[in-house]
Structures are given as structure tokens and as C-alpha cells.
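Asks: The structure under discussion is supplied below as C-alpha cells; questions concerning it will follow.
Bear in mind these aren't lab numbers, they're just calculated from the coordinates by the rules spelled out. The structure displayed is predicted, hence computed values, not measured ones. All Cβ positions, even for glycine, are placed from backbone atoms using ideal geometry, and neighbour counts span all protein chains on display.
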Amino acid sequence: MHTKKQRIHFIAIGGSVMHNLAIALKEAGHDVSGSDDEIFEPSRSTLSKYGLLPEKDGWSPDIITTAVDVVILGMHARTDNPELLKAQQLGLKIVSFPEYITEQAFDKQRIVIAGSHGKTTTTAIIIHVLNYFKRKFDYVIGAKVPGIEKTVKLSDAPIIVIEGDEYLCSALDPTPKFIRYKHHVGVITGISWDHANVFPSEEEYVRQFDLFADSTPKGGILIYCEQDSMALMIGKKERSDTVEISYKSHSHTSDNNGHFFLTNGKERSPIKIFGSHNFQNLSAAKEVLKKIGITQEQFFEAISSFEGASGRLEKVLDNTTATVYKDFAHAPSKVKATVKAMKEVYPSRDLVACLELHTYSSLNKKFLPQYKDSLKAAQVQVVYYNPEKVKDKNLEALTEADIRSSFASNAIKVFVNPHELQQFLEQQSWKNKNLLMMSSGNFGGINIPALAEKILS
């Protein structure tokens, strides 16, 4: 990491990882500024806390001067951004977030966790175990991990663990972010078509993971899930002078109280996360940790205190007969895995599964059939979307019929008004029934903790 003080400006500082990098650089002694046209919570409050919240929303090209050493360009800034145009005019150094991270981590062993689903939790498990044993390491992750205050850390540590997204780096660099990190150890947790606005076909989307695997250097390691057909196909491809390791769901058991344990021969270790997808994530993390000096015994010792990444099957509230969970799930494979996990741990309770269609892909009528049967395991299936968001993204309008047809369920209840959705949930009987709220948005402003208090009181 650069130790010389620099003047660094962020274009689109409000991004979930961008603002955490800005904070990390300010705390390292750099002079940091940033701008954005719209900043949502929790980014806004966090930036304000560290004195980095822009004075006003919008772009201010006057702030871009020759005194700026480097401009970090967020992926949501367009090519006609006035600050970007000014930086180009002045000939300033302009890099994307992944390029900057790789520069800072040039001398480190770079571990990159990729996948359409599971990458956040897998990265969080690795971070938790390394932190448990007080290992010196850096990291970049898209969600908070209990016991870790920030989501970006840069220091003189010899290792960096990075959650590698397949989305593009920036308007100037249409390269998937996970390729720019130039991994030494790469993981593919699973592949399921997403980001239809960038990758209009499944073939093009899968190709990015093939490129990621092919970029594994000589002497490097590629770890992949053998239970995912696409990951298996890519992982088994012959590559010279690389080590390829497959993994599958970790062996596990449960007791009559719904508590889960990882098993190792006759020994078993209690764990606080559940679901088939998480048993795969645990195996992926264990394989990575094995390669950087964490033994199986150490892994089992540390993992029992792992509570999961923030927003991933996160328990909001419970009583003796009902529990409310929230989850960041939005892509079809994530939704299906999360619903399935809830039924696995609470098989005798009915499940009300609510999904918000919020992303470009999920609101795209052509992509929507990918959600077929994703809510099937739930007894009450609910979909919410905001028609104005569909318009904002210049997409074809959706109807209730479109949603029921795409999800292959005539029983789905469709809401376009958050107040009506909340009223529906409040009117349900919550005896022996769980609620699962899944979204990368906020259900039109529904306060989930307050809702949980009301329906479970």
C-alpha cells in the first residue's frame, strides 16, 4: 500500500464498497474527497461519520484539479460524467476500484472468491477464521462481518482476500472486476446467469468465469464447486501448471432442536449458519484456508463462532412459534437456495417468502423466467416490485400475469404498493409460521425490524 500521502478523489463515492475504500484511505493518512449524484443509507451516514460526505449531491468538475494524484472511478459513473471529462482533460491518473486494489496489493498473495452466489459468505468465513487466529491479512468484502468493523482493509499484510464480482470495472474499463484482481488463488462457488443488462445471454455470462479460470497463473490454484454443473465444467478444463481442486457440501448433521453441526469423523462442531449452499461455502473456505496454513482442526475450532455475513440469512426477530429473517438474495439461484435453506431448518413451519424484484435483471421480462420454481418451497409466495423502477430502467412494463407465468405459480401474491404488502403481512396468523424477506433493495421503505416486532408481539 502507498505510504506517501496522496490526494485521492472518488467519482461515485456512495457505492457500498467504494465508500469503505475511501474511509480506509482517509484513515491511512491520504487526502480523500468524493462526489455522487445520489447516496443511500447506510453509505450516507457512514460517510458523514468519517467526514467524507459530499456537501451536496451531484457532480462538481471544479473540484478536479492538477492537485489530484489519482481519481478512482466507480462503476455507476458514465462516460459523460463532467468530473471524469475534466480529469481526462487534465491528464490525471484514472483507475477503477479493482485496478486500485490490485496496485495496492501487488506484492501480496491475492485470493479472489468469485461466483454468482456464495461469494460473500465464503469470503466472510475466510476473514472470520483468519481474524480468529489473529493472522495478518487484508480484505475486500461487500458485506459486514461480525467482529470486523469495516469491509475494506489495506495494510502491509502479506495476504489479501477479495470478494470478486463479475460486474464490469467502470465505464472506461468493461472488464469483469474479478479478472482485474489477478488472483493467485481463485474460487468459483457457482454460476447462474445474472446481470442481464451487461451479459445479455447466459453463454456470454458463463464465458466471464471461464476467462477468470483461464487467468489463473502458472503455479496458481483454482478451487471450484463440483456440485455446480457450470463451475464443474470450467474447473475441470485442462490448464497447464495450475492446481485445480474441487469441493462439495461439507458433511454435517443436525439434532432435534434444529441445530446444525459440521462432522469430521466422530467429532462434530456446532455452526450458526445453515442451508445446503452454506455447507458448500464452508467447504470452499476450508480449502482456501488449508492453502494458507490453517489446519482442519483450527478451522473446526474457529467456525463455531461464525454468525454469517450481514444480510445473509440474518435473523431479525423470533418467538416460540415464528421467526423473521432477511436476506440479500435477489438472483434466481440465490432466492431458490435461501428458500430451500429456510425449509431445511424449519421443516414443520409454514414459510412466507417475500421477494422484491429490484435489479435490472429481475425487472427484465426476458430474464424473469429464470425465477421459475424459485419460491416453490414456500407455502405463501409473495413478489413485490415498483413499476416506477421498471420505467426508470427503460424496461417493458410487467404485469401480475408475467410474474405468475415466469415463477410458474398461480398462487403468487403480487404487490406494487409497499403499504399494501405490509398490511397483508400484518394480517397473517404467525403461529408456527416464518417470514423471509429477500431483497437487494428495501421493499419500498418497509422497516423490517419494526414489522417483525409488530407481527411477533
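Asks: Shape call for the stretch 299-351 from the C-alpha gyration tensor, a ≥ b ≥ c root eigenvalues: rounded (a/c under 1.5), prolate (a/b greater than b/c) or oblate?
Replies: Values: a/c = 1.66, a/b = 1.19, b/c = 1.40.
Taking the square roots of the gyration eigenvalues as a ≥ b ≥ c, the stretch 299-351 is oblate.
Asks: Taking H placed 1.01 Å from N in the peptide plane, check which residues at least 5 places from Phe415 or on another chain put their amide H under 5 Å from its amide H.
Replies: Result for Phe415 returns Val383, Tyr384, Tyr385.
Asks: With a cap of 14 neighbouring Cβ atoms within 10 Å, and only residues DSSP puts in a loop, list the chymotrypsin sites (Phe, Trp or Tyr not before Pro) found in the stretch 386-457.
Replies: none
Asks: So, one more: Which of His9, His30 has the fewest other C-beta atoms within 10 Å, and how do the rest follow up to the most?
Replies: His30, His9
Asks: Over the stretch 18-166, with a single point scatterer placed on each C-alpha, what log10 of the ratio I(q)/I(0) does the Debye formula yield at q = 0.10 1/Å?
Replies: -0.38
Asks: Follow-up. Roughly how many whole Å is it from the C-alpha centroid of the stretch 339-409 to that of the stretch 47-76?
Replies: Between the Cα centre of the stretch 339-409 and that of the stretch 47-76, the gap is 37 Å.
Asks: Mind listing the long-range amide H neighbours of Leu222? Cut-off is under 5 Å, sequence gap 5 or more, other chains count too, H placed in the peptide plane at 1.01 Å from N.
Replies: Counting only residues 5 or more places away or on other chains, the set is Gly186, Val243, Glu244, Ile245.
Asks: Could you list log10 I(q)/I(0) for the stretch 119-262 at q = 0.08, 0.10, 0.15 Å⁻¹, which the Debye formula gives when each Cα is one point scatterer?
Replies: So the normalised log intensities work out to -0.26, -0.41, -0.89.
Asks: Just in the stretch 90-156: which trypsin sites (Lys or Arg not before Pro) are loop by DSSP and have at most 11 other Cβ atoms within 10 Å? Walk me through the numbers on the way to the answer.
Replies: Numbers: sites: Lys93, Lys108, Arg110, Lys119, Lys134, Arg135, Lys136, Lys144, Lys150, Lys153; in loops: Lys108, Lys134, Arg135, Lys136, Lys144, Lys150.
Filter output for the stretch 90-156: Lys134, Lys136.
Asks: Would you calculate the separation in nanometres between label points at Ser405 and Met233, each defined as 7 Å from the Cα along the Cα-to-beta-carbon direction?
Replies: About 2.7 nm, to one decimal.
Asks: How big is the charge dipole of the chain about its Cα centre, in debye rounded to the nearest 20, if each Lys and Arg gets +1 on its Cβ and each Asp and Glu gets -1 on its Cβ?
Replies: Computed about the Cα centre, the dipole is about 900 debye.
Asks: Here's another thing I want to ask about it. Output wanted: per-residue J couplings in Hz (rounded whole) for the stretch 74-79, from phi through Karplus 6.51 cos²θ - 1.76 cosθ + 1.60, θ = phi - 60°, x for Gly and Pro.
Replies: x, 6, 8, 7, 8, 5
Asks: While we're looking at this one, here's another question. Which value at 222 nm does the chain reach when only helices count, each DSSP H run of 4 or more adding -39,500 (n - 2.57), with the total divided by all residues and rounded to the nearest 500 deg cm²/dmol? Numbers along the way, then the final one.
Replies: Details: 15 runs with 141 residues, N = 457.
The per-residue figure over the chain is -9000 deg cm²/dmol.
Asks: Same structure again: Wrap a convex hull around the Cα atoms of the chain, take a quarter of its surface area, and give that in square nanometres.
Replies: Mean projected area of the Cα convex hull: 22.0 nm².
Asks: Based on other C-beta atoms within 10 Å, arrange Phe299, Phe10 from fewest to most.
Replies: Phe299, Phe10
Asks: Which net charge results when you count Lys and Arg as +1 and Asp and Glu as -1 among the other residues whose beta-carbon is under 10 Å from that of Asp173? All intermediate terms of the calculation are to be shown ahead of the outcome.
Replies: Values: positive: Lys177, Arg180; negative: Glu99.
Charge balance in the 10 Å sphere: +1.
Asks: Measure of size requested: the Rg and Dmax of the stretch 311-457, with Cα atoms as the atom set and Å as the unit; please supply both.
Replies: 14.3, 46
Asks: Between their Cα atoms, which of Lys336/Lys372; Lys49/Lys134; Lys134/Lys290; Lys150/Lys182; Lys340/Lys433; Lys326/Lys391 are more than 18 Å away from each other? Write down the numbers at each step before the final one.
Replies: Details: Lys336/Lys372 9 Å; Lys49/Lys134 27 Å; Lys134/Lys290 16 Å; Lys150/Lys182 23 Å; Lys340/Lys433 15 Å; Lys326/Lys391 27 Å.
The pairs that break the limit, which is 18 Å between Cα atoms, are Lys49/Lys134; Lys150/Lys182; Lys326/Lys391.
Asks: Okay, moving on. Order of Met438, Met233 from fewest to most other C-beta atoms within 10 Å?
Replies: Lowest to highest Cβ neighbour count: Met233, Met438.
Asks: Follow-up. Which of the GluC sites (Glu not before Pro) found in the stretch 1-63 are in a DSSP loop and have at most 15 neighbouring Cβ atoms, other than their own, within 10 Å? Intermediate values should be presented prior to the final figure.
Replies: Values: sites: Glu27, Glu38, Glu55; in loops: Glu38, Glu55.
The qualifying sites are Glu38, Glu55.
Asks: Quick one: if you stick a label point 7 Å off each Cα along the C-beta vector at Asn131 and Asp107, how many nm between them?
Replies: The answer from the label model is 2.6 nm.
Asks: OK, next. Can you tell me which lysines have their Cα less than 19 Å from the Cα of Lys266? Leave out same-chain residues fewer than eight positions away.
Replies: By straight Cα distance, Lys266 reaches Lys286.
Asks: Same structure again: Restricting the count to DSSP beta bridges whose residues both fall in the chain, what percent are antiparallel, rounded to a multiple of 5?
Replies: If we restrict to bridges inside the chain, about 25 percent are antiparallel.
Asks: Per q in 0.18, 0.25 1/Å, what log10 I(q)/I(0) does a Debye calculation on the alpha-carbon atoms of the stretch 7-96 return?
Replies: -0.70, -1.36
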